[in-house]
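Single-structure report; data block below.
The values are calculated or read from the model by the stated rules, or taken from the named source; none is laboratory data. Values in this document were obtained by computation on a predicted structure and should not be read as measured data. With ideal geometry, Cβ positions are generated from the backbone for all residues, glycine too; neighbour counts draw on all protein chains shown. Accessible surface is based on the protein model in full, side chains and every heavy atom, while ligands, DNA and RNA are left aside. Shrake-Rupley method; radii C 1.70, N 1.55, O 1.52, S 1.80 Å.
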Amino acid sequence: MLDSEKTREQLLAELAAARRRIARLEARATAPDSDCTPTNVTADFYLSILDDAPALIWRAGPDAKCDWFNATWLAFTGRAMHQEIGDGWAQGVHPGDFDRCLETYLRAFSAREFFEMEYRLRHASGQYRWILDIGCPFLEPGGSFGGYIGYCYDITQRKKDERFRLDVERIIRHDIKTPLHSLKTLTQLLFADVKDPELAPLLPTLYRAINNVINLVDSTDKVMQLEHGRYVPPATPLDLATVVRRAVDSLTPLAGAAAVALIADIPPADRHCRPCAATGDEVLLETLFANCLKNAIEASPPGAQVRLSCHCAGNTGRVDIHNQGAIPEAIRPTFFDKYVTMGKAHGTGLGTYSARLIARAHGGDIIFTTSPEAGTTVAVRLPLAAAEASPGSARDTAAP
């Protein structure tokens, strides 16, 4: 298998195996019965076994300057050792990645912490190729800090595959929206003058369902941008309670079909109640609450209850969603991770993952508590805008 075809987990496993092998060699070399003496046992003793490794490998001393590169690295860059040592290697880093790359490297080096980063490195052909660089500190045989050793893998093909997939998904989302908007317009035209007492009350639900699908397509693209740090929610004023209420309305049919009682405690839409004033992306926030509600409903057996409460206290909006089931113990530590799911025939493991992405992008967070006795409560906390008294509210307060 080529390095470019390996998963991140496989590459990390290879790194761990290489580190264990080095540790065994170091231990053998420094053992009391070893025939190696302190004068011939240095950090250089293992370089010969790494020189022809398939990974691009570098080493830096305690001063953060690179002092060695293996033959695979030199063949990849087409440069000689004397050109790469010191800071020479940095000449091959793409200008668009240089600052981020250097900052990550120096920050980790200062803290003597493991790091990994992706950047583009100039190939011997003159083209830039994507590199996954995994660096870790090492100790000299005597126990003192020796510097860093790094293992790099060419992930260009993986990046191309990922970009192709993202482009295809973006095209599909774009193409889906056109017929959805046409469906919305056609529905409004066909049922504009409906007077049937049984059909008329269903129309708002139909319109809302079409809007929800359109919003879902939009939110999917935004969540992907959030994941890659390319989308910042706007500071658009909104009423958190209204957003939660729309999410409840959109999931009420699903709860009914599952014979689950959906009970919501939300501040009323009343001019005498201070709105839960927040800022952000309404579509994303509605998606957050809809995903949490959907999970709670799907985790509930027929006849069970799902309870939602929305309260605004001080500078925090609090939304709790409770269902009577317990999260399987096996997935509790990774409940909000991507693709984590259990017990759902069509579960993707993306709902809670995107919910936490959205909450954190808005300056909040999402946690859960769960047990067989108490059930599960998913708690969303979001910051609220500072309360500002309007002239009307001031007059109401001063009135006798």
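Does segment 348-355 include one or more residues that are modelled with pLDDT of 85 or more and within 19 Å of LEU384 (Cα to Cα)? Write out each step before concluding.
Step one: filter segment 348-355 for residues modelled with pLDDT of 85 or more, giving 352-355.
Right, trim to within 19 Å of LEU384 (Cα to Cα) and you get 355.
Within segment 348-355, one or more residues are modelled with pLDDT of 85 or more and within 19 Å of LEU384 (Cα to Cα).
In segment 279-297, of all residues being charged (D, E, K, R) and in a helix (DSSP H, G or I), the one that is least open to solvent (accessible area, probe 1.4 Å) corresponds to GLU286. Figure legend. Inter-residue proximity from segment 117-130: first residues touching a residue at least 24 places away in the same chain (Cβ under 8 Å), second residues open to solvent by less than 60 Å² (accessible area, probe 1.4 Å) and among the acidic types (Asp, Glu), beta-carbon distance below 7 Å, spacing 6+ or different chains. Indicated pairs: TYR119/ASP97; TYR119/ASP133; ARG120/ASP97; ARG129/ASP154.
When you look at VAL283, is it modelled with pLDDT under 90 and within 29 Å of LYS222 (Cβ to Cβ), yes or no? Explain how you work it out, then say what you get.
Working: modelled with pLDDT under 90: yes; within 29 Å of LYS222 (Cβ to Cβ): yes.
Yes: the conditions hold for VAL283.
Output the residues belonging to segment 298-328 that are part of a strand (DSSP E or B) and open to solvent by 10 Å² or more (accessible area, probe 1.4 Å). Please lay out each step first, then the result.
Within segment 298-328, the subset part of a strand (DSSP E or B) is 305-313, 316-323.
Of everything in segment 298-328, those that are part of a strand (DSSP E or B) and open to solvent by 10 Å² or more (accessible area, probe 1.4 Å) turn out to be GLN305, ARG307, SER309, HIS311, CYS312, ALA313, THR316, ARG318, ASP320, HIS322, ASN323.
In the set (1) in contact with a Phe, Trp or Tyr (Cβ under 6 Å, 6 or more places away or on another chain); (2) assigned to a strand (DSSP E or B), TRP130 fails one condition alone, (1). Under the condition of being in contact with a helix residue (DSSP H, G or I) (Cβ under 7 Å, 6 or more places away or on another chain) and part of a helix (DSSP H, G or I), which residue from segment 225-247 is surrounded by the fewest Cβ atoms within 10 Å (Cβ to Cβ)? Ranking the qualifying residues of segment 225-247, first place goes to GLU227.
Answer yes or no: is there a residue in segment 136-151 that is part of a helix (DSSP H, G or I), touching a residue at least 40 places away in the same chain (Cβ under 8 Å) and more than 21 Å from ALA53 (Cα to Cα).
Step one: of segment 136-151, the residues part of a helix (DSSP H, G or I) are none.
Looking through segment 136-151, none of the residues is part of a helix (DSSP H, G or I), touching a residue at least 40 places away in the same chain (Cβ under 8 Å) and more than 21 Å from ALA53 (Cα to Cα).
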